[in-house]
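What follows is a single structure, written as structure tokens, with notes after it.
The values are calculated or read from the model by the stated rules, or taken from the named source; none is laboratory data. Being a predicted model, the structure only gives us computed values, none of them experimental. Ideal geometry is used to build each Cβ from the backbone, glycine not excepted, and the neighbour counts take in all protein chains shown.
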Amino acid sequence: MAQDVIVETRNLTKTYRDFWGRKKKTALNALDLSINKGEIFGLLGPNGSGKTTTIKLLLGLLFPTTGDAFVFGESSANVEKNERIGYLPEESYLYRFLNAEETLDFYGRLFNIPSSVRRKRAAELIELVGLGNDKKRILREYSKGMRQRIGLAQALINDPDLIILDEPTSGLDPLGTAWMKELILDLRNKGKTVLMCSHRLDDVQDVCDRIAILFNGDLQEQGTVTKLVEDAQRMQITATGLALTDALKHDLDAVIKKHGGTLDGFGHPSTTLEKLFLRVVDESRARPGRRYLPPTEATPAAKS
């Protein structure tokens, strides 16, 4: 693994079998991907596409049928590496008879964090997630959005280098969603690496640097968000862009200025991540066996 690669999978495959050992379902098929230090990586796909299986393989909760998964340069089967990981599952299985302070103290003990550090860290996280006025209430009285906030706090109690977030904005209102996205961006700015799964594609488009789209266990698309949603088949010119030659830019600028306008910039129009996602899924259904192939230097990404 390269030094700045935090997560890497090589031909990672997970096949579930029935009692008699017969193949029941291939949840993940020959997944190859890498996540770099300090980036926000989105793992997308419909239900049953292999996202949760991938996370469980990375955490060492499942073992691959074939292939390898590495986290921090170590095999994902090495549970000691989990001390550097924070995990927020889609459904937080927290002890609902504990309050926020007791919850964070409990999880801090699991990481053998000293008492004084636990208290300080817990107090900071409770304020960070906006539960300062509710820290003495037991979690059973929390709304879903509040439970999501304390779930995020427990995922950060060990000051992890890699944070895995499964549906982080689930249960949050629009203000809470905006707050969550700002927090995820802030984690990246602090040098953290974030792997997130979400069905809210607008959230993914707002915060992720790169994404991978899974369908029926196969990797269907991978790349930077800005590149994938760019519509490179069409050009557009606006007085208030067009990526062509310098000579054309000069001519267009002169024409627009002649008519009293301003040439603001050049570029390709973009679609949305949601439209890209739906297109990839539709193509995957129409073409069984379709898989993402890494691009070569001379050609763009191809599909087999």
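Do you know which residues across the range 177-223 are farther than 14 Å from LEU276 by Cα and of a type in the set (Phe, Trp, Tyr)? Within the range 177-223, TRP179 is the sole residue that qualifies. Quick one: in the range 158-191, which of the residues that are out of contact with any Ser or Thr (no Cβ under 6 Å at 6 or more places or on another chain), polar (S, T, N, Q) and over 23 Å from ARG119 (Cβ atoms) is surrounded by the fewest Cβ atoms within 10 Å (Cβ to Cβ)? The qualifying residue surrounded by the fewest Cβ atoms within 10 Å (Cβ to Cβ) is ASN189. No other residue among GLY241, GLY260, GLY223 is at pLDDT 75 or above and more than 17 Å from the chain's Cα centre (by Cα) apart from GLY260. For the range 57-82, a residue qualifies if it is of a type in the set (D, E, K, R) and modelled with pLDDT of 95 or more, and exactly one does: ASP68. The set of residues in the range 130-157 being more than 25 Å from the chain's Cα centre (by Cα) and either within 22 Å of LEU43 (Cβ to Cβ) or buried (at least 17 other Cβ atoms within 10 Å of the Cβ) (or both) consists of ASP134, LYS135, LEU139, TYR142. Within the range 85-129, if we keep just the residues that are of a type in the set (Gly, Ala, Ser) and crowded, with 16+ Cβ neighbours inside 10 Å, the residue that is nearest to ILE164 (Cα to Cα) turns out to be GLY86.
Is it true that some residue in the range 62-71 is in the same structural domain as THR13 (by TED's automatic domain parsing), loosely packed, with under 14 Cβ neighbours inside 10 Å, under 24 Å from THR26 (Cα atoms) and not small (Gly, Ala, Ser)? Yes, some residue in the range 62-71 is in the same structural domain as THR13 (by TED's automatic domain parsing), loosely packed, with under 14 Cβ neighbours inside 10 Å, under 24 Å from THR26 (Cα atoms) and not small (Gly, Ala, Ser). Could you tell me whether the range 73-84 includes any residue that is acidic (Asp, Glu), closer than 25 Å to ILE157 by Cβ and under 14 Å from the mean Cα position of the chain (by Cα)? The answer is no; no qualifying residue exists.
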